[in-house]
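None of the figures in this text is laboratory data; all of them are computed from the coordinates on show. Here the structure is a predicted model, which means the values were calculated and not measured. We place every Cβ from the backbone using ideal geometry, glycine too, and count neighbours over all the protein chains shown.
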Amino acid sequence: MVLQVVQNVQQVWRQSTTARNITKVYGGNIVSTAINVGAALILIRGLSVSDYASFVAFISLAVLSSGLVGNAINIALVRFSAEQLSRTGKKPYSLYMAALLAEVVIFLMLIAVCFASPAAISKLVLGKDTFARVVQVGMFYGLGMLLLQMGRGVYQAEQRFNLYIGTLWLRQGLTLILLTTLWLTHRLSFETVAWMTSSLSLIIGAGVIFYSLGIHRSTTTVQQIWEERNQLRQFFAATGWLVGYYLCLSAFGQMDIILLSRYTNEPEVAIYGVAFRYFSIALLLLESIHAVLLPKFSQPNMQNPEAQRSFLKSWLRFSVWAIIPVILSVFFGKKPFIWLNGPIYANSFYILVILAFGVWLSLMFSPLVNILLSRRDFRYLFILGACALLTSIIGNLILIPLFKGIGAAIVVVIANNFVLQLPILWRVYRR
């Protein structure tokens, strides 16, 4: 039976461009994951518990801020750009420039607020004013992430997956070199790591934006953007519900860290942060799937419901077997985990087991959101995103005081897969 599954997978890979693209991006993400693991081990081993807790908050704030500002616009940009490229074969330079301007202006306003009242923002978001410095540095890292994500989104829409992966390798490879240098020179601390990675992120993000948007080749002017304002207005109006969805999703994605920081101590945040670091690395592998499926479902031939359901049926039939490595890691992974991360983080393994189950479910449900995006069913996505966020807030408020990091992990799996994904599965097959 296993041999038959392997043969079927090989046949699908040979016959499907989508499968080969996923393999290409997935292979690139495996290398990216290896780089991320190296960086994570240096940070976990090299930083004190207090500094690592600050680093967890730093990453959380950067991801939250860049996600709140850029996620919806970037996803919509990929969706509409891929559709226009498929229909006309022309790059929508005006759309690129308008989206970039909107994201940068909004984020600069956010930076101004955070620098004016860092202690208040720290108290509001993390429940402690001791993270004021983290708030300030995190905004610069968030801006670099915002630029990089938008540039990679353009490569994704154009299905230039070699560059899509290469930009990720560039940032992560240079980050690993930077962390290794700091560690070998005994200068590894939260302050040095935060400022130097933020500077690196900004430089790389700006470079990727310059080349991905074709700024050095584009002849688009402000007047041309103004002349196409009706098209741009339609783009931003059509993504209104989508903006709300990704606002909810971005807040939901960081709610566990935020409430753990508010209601537990620094060691508990650090323990959860170690498990969540590996969880984030696993989710990075899933990005290879989303990177290929989003532009694929944006093409006219994949907007037929029957074609979507047929693809989803095949996907579920093969992805269910991914439970095997999850089970093996549960039974045989504890000793290697403790050896890698140290006994002080032994309890992180149990948190990681719960999150790993969530990764498997997320893998199976990967096509669902892309299908609704192709149908422009943004309002339904927003409703589900709001429900997932509400579930995350209530669930964390109940379970974190009882089970700490394990409670937060349980809420992540329930909110993401059972509150958000299962209703999408019902809607895809219902309509």
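Within the listed set 396, 301, 21, the residue fluctuating most in the Gaussian network model of the chain (springs between alpha-carbon atoms under 10 angstrom) is 301. Taking each residue as 0.36 nm, the span from residue 116 to residue 390 lengthens on full extension beyond its C-alpha to C-alpha distance by 95.7 nm. Taking label positions 7 Å along the Cα-Cβ direction at both residue 210 and residue 130, the computed distance is 4.1 nm, reported to one decimal.
Using a simple spin-label model with pseudo-atoms 7 Å out from Cα toward Cβ, residue 328 and residue 199 lie 4.3 nm apart.
Extension gain, residue 376 to residue 237, is 48.8 nm, computed as 0.36 nm per intervening residue step minus the present C-alpha separation. The label point for residue 422 and the one for residue 192, both projected 7 Å from the Cα toward the Cβ, are 4.9 nm apart. Note on the chain: helix-only mean residue ellipticity at 222 nm, from DSSP H runs of 4+ residues weighted -39500 (n - 2.57) and normalised by residue number, equals -28500 deg cm²/dmol. With 21 Å as the limit, the listed pairs 24/296; 24/90; 128/404; 90/296 have 24/90 beyond it between alpha carbons. Given the alternatives (i) -0.39, -0.50, -0.63; (ii) -0.64, -0.72, -0.81; (iii) -0.44, -0.56, -0.71, log10 I(q)/I(0) by the Debye sum over Cα atoms at q = 0.08, 0.09, 0.10 Å⁻¹ as computed for this entry is given by (iii). Between 207, 138, 407, the residue with the greatest mean-square fluctuation in the GNM of the chain (Cα pairs under 10 Å linked by springs) is 207. With R₀ set to 30 Å, the beta-carbon distance separating residue 301 from residue 37 gives a calculated FRET efficiency near 0.20. Given R₀ = 35 Å, what would the calculated FRET efficiency be for residue 30 paired with residue 310, taking r from the Cβ atoms and rounding to 0.05? The calculated FRET efficiency here is 0.80.
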